Amino acid sequence: MSPLSLEITLGVLKIFSFVVPVLVSVALLVYLERKVLGAIQLRKGPNVVGPFGILQSFADVLKLLTKENLLPSSSNKFLFIFAPMLTLILSLIAWAVIPISSTYVISNLNIGILYLFAVSSFGVYGVIIAGWASNSKYPFLGALRSAAQMISYEVSIGFVIITVLICVGSLNLTDIVESQKNIWFAIPLFPMFIVFIISALAETNRLPFDLPEDEATLVAGFFTEYSSISFGLFFLAEYANMIMMSSLTVILFLGGWYPPIDIFPLNVIPGIIWFVLKVFLILFVFLWVRATFPRYRYDQLMRLGWKIFLPLTLVWVVLTSAFLFYFEMLPK
Amino acid sequence: MFFVGSFFLFATFLITTCIFVIFSKNPVNSVLFLVLAFLNSTFLFILIGAEFVGIILAIVYIGAVAILFLFVVMMLDIQRTTLMSNIKRYVPIALLFAGIILTEIIYLTIYKSSKSNPNIITRSKNNTEQIGDVLYTKYFIDFQLSGIVLLLAMIGAIVLTHIYRPTIRRQNIDKQNSTTATDRVKLVKVNSGQGIEND
């Protein structure tokens with residue numbers, strides 16, 4: 001094999017080594033969600049397919065695959081089929097820059113965090129195109145809500161990221177994690193950590209902010225008209241986005257692959273295991289929140305985003321930079 | 001070879017999508033083609049090594065501006081016939097703007113590029129750091145001025161569209177949250193056959 005084709009083969013293998021575990025963990029996350037919700041509500045959850053019901057999600061995927069894919073006759077056919085694909089692609093290409101250990105990353109970009117921010121802001125297109133192409137009232141209303149919601153919470157996510165970047169002095173995700181070797185940013189920037197988790201819930205359209213798919217008022221929101229595997233792709237993308245946002249939280253605030261304290265029994269455990277454990281913790285918080293809080297009303301959601309989070313994060317950006325400047329702790 | 005090939009690929013896509021923006025029958029398709037055009041210009045920026053400008057262009061234009069366009073265009077009830085009927089009104093001003101931009105491009109490509117030397121930029125730092133070095137120091141005034149221009153545009157748009165209606169009923173969240181049961185409910189003794197009076 002020539003060096004170039006060898007390099008391409010290795011690159012493709014590396015990409016698969018990220019994408020396949022993500023897709024499998026999506027299936028397991030759906031199972032985990034049902035089990036956790038079941039435990040919180042004193043039910044058993046799925047327990048029939050496979051040992052402890054662990055194969056339930058795979059059975060669901062097979063069921064979705066064998067169903068008929070319906071195309072509404074008045075829809076815009078191309079965009080209708082394109083929207084779920086776009087959503088899934090966007091939720092998967094974000095993994096290109098996420099470092100899961102100090103060396104294991106597909107592409108160690110200098111502007112990794114900007115890339116992630118750009119990709120997550122494109123995510124709204126899948127939703128809004130799906131809502132519009134369906135040519136139906138409920139999906140359209142769901143799409144409009146979703147677009148407004150995602151844009152609103154992106155603003156505060158942007159300011160939270162800026163606060164972290166001021167403390168790091170680099171846009172590289174590996175640098176961001178390495179600057180947390182001594183102390184995780186979740187401790188000095190605790191309010192920002194909370195704002196980020198709440199905004200991540202809103203950005204991924206999770207409860208209590210799942211207004212785009214509010215079944216009580218909008219049937220199923222933007223994917224009301226979708227069936228079979230095109231519905232499955234939206235479903236997959238939503239959970240892949242959850243895992244992505246959890247990984248981003250871990251990278252920005254929970255010290256990525258570093259152990260909590262750098263002492264003997266903890267620091268021999270490989271970094272990748274710490275990373276997965278932390279992602280798991282954040283994902284559990286996502287599910288826990290779902291079981292605990294009722295859904296927000298639309299105006300409450302907008303008020304939280306624009307009137308509470310935006311001023312709070314703005315003040316924190318100024319405070320953090322003033323603090324670092326006064327004590328001459330600004331990086332470089 | 002790779003560089004030139006990619007440049008022509010993205011440039012061709014950029015021009016094609018721009019043409020589709022103008023000639024699409026459906027305004028929503030126009031906006032989606034505009035998004036593709038933005039995406040291709042992002043690729044062009046990344047190709048010349050200006051990855052920061054490229055990604056910022058993507059975040060601002062694709063992630064925010066084009067979504068708002070899409071938002072508005074989807075809500076409008078536009079008929080293509082009414083759009084086409086008064087299209088001639090805009091031809092002179094469109095030609096004027098096209099002329100100005102074309103003159104600028106010709107001026108820049110012919111006169112400026114021969115004078116300035118692109119290799120003068122040191123490649124020791126990546127371009128994000130280079131922008132960071134000068135944005136708040138050398139170009140502080142210019143940066144703040146452009147910010148004020150944008151703020152003025154925003155305030156202008158709000159002033160033009162905001163109409164104060166005294167009759168509108170607004171929700172006061174703090175007032176709503178600070179009410180107690182005694183403000184809303186009272187226990188009334190009702191005499192048989194008389195009912196209660198409204199107050």
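The values are calculated or read from the model by the stated rules, or taken from the named source; none is laboratory data. In this text, all values refer to a predicted model and were calculated from it rather than measured experimentally. Virtual Cβ from ideal backbone geometry, glycine too; neighbours counted across all protein chains shown.
Of the residues that make up the stretch B:8-30, is at least one aliphatic (A, V, I, L, M), closer than 21 Å to residue A:130 by Cβ and under 18 Å from the mean Cα position of the chain (by Cα)?
Yes: the stretch B:8-30 contains one or more residues that are aliphatic (A, V, I, L, M), closer than 21 Å to residue A:130 by Cβ and under 18 Å from the mean Cα position of the chain (by Cα).
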Can you tell me how many residues within the stretch A:173-188 are over 15 Å from residue A:103 (Cβ atoms) and among the aliphatic types (A, V, I, L, M)? 4
Surrounded by fewer than 10 Cβ atoms within 10 Å (Cβ to Cβ), without any contact (Cβ under 8 Å) to a residue 12 or more places away in the chain and at negative phi: which single residue out of B:151, B:135, B:160 fits that description? B:160
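Taking the stretch B:69-79 as the region of interest, how many residues are within 7 Å of chain A (Cβ to nearest Cβ) and either touching a Cys at 6+ places or on another chain (Cβ under 9 Å) or of a type in the set (Phe, Trp, Tyr) (or both)?
Final tally of qualifying residues: 1.
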What about residue B:48, is it modelled with pLDDT under 85 and either more than 22 Å from the chain's Cα centre (by Cα) or closer than 30 Å to residue B:130 by Cβ (or both)? yes
Would you mention how many residues in the stretch A:82-95 are hydrophobic (A, V, I, L, M, F, W, C) and in contact with a Leu (Cβ under 8 Å, 6 or more places away or on another chain)? 3
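Among the helices (runs of 4 or more DSSP H) confined wholly to the stretch A:100-212, which include 2 or more residues that are under 20 Å from residue A:252 (Cβ atoms) and within 12 Å of another protein chain (Cβ to nearest Cβ)?
A:112-133, A:137-168
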Condition first: without any contact (Cβ under 8 Å) to a residue 40 or more places away in the chain and either within 14 Å of another protein chain (Cβ to nearest Cβ) or under 21 Å from residue A:143 (Cβ atoms) (or both). Can you find one or more residues in the stretch B:7-21 that meet it? yes
Mind listing whichever residues of the stretch B:154-174 are more than 28 Å from the chain's Cα centre (by Cα), more than 14 Å from every other protein chain (Cβ to nearest Cβ) and within 20 Å of residue A:307 (Cβ to Cβ)? B:168
Can you name the residue in the stretch A:44-86 that is surrounded by 14 or more Cβ atoms within 10 Å (Cβ to Cβ) and of a type in the set (Phe, Trp, Tyr) and, of all such residues, is farthest from residue A:237 (Cα to Cα)? A:52
Looking only at the stretch A:218-238, and only at residues there that are closer than 26 Å to residue A:297 by Cβ and among the hydroxyl-bearing types (Ser, Thr, Tyr), the one that is modelled with the lowest pLDDT: A:224
With assigned to a helix (DSSP H, G or I) and at positive phi as the only criterion, which of A:52, A:18 stands out? A:52
Output for the stretch B:31-68, where each listed residue is without any contact (Cβ under 8 Å) to a residue 12 or more places away in the chain and more than 9 Å from every other protein chain (Cβ to nearest Cβ): B:46, B:48, B:60, B:65
Looking at the stretch A:34-43, can you tell me whether even one residue there is touching a residue at least 40 places away in the same chain (Cβ under 8 Å), more than 26 Å from residue A:130 (Cβ to Cβ) and buried (at least 18 other Cβ atoms within 10 Å of the Cβ)? yes
Filter result (at pLDDT below 85 and not in a loop (DSSP other than H, G, I, E, B)) within the stretch A:286-299: A:298, A:299
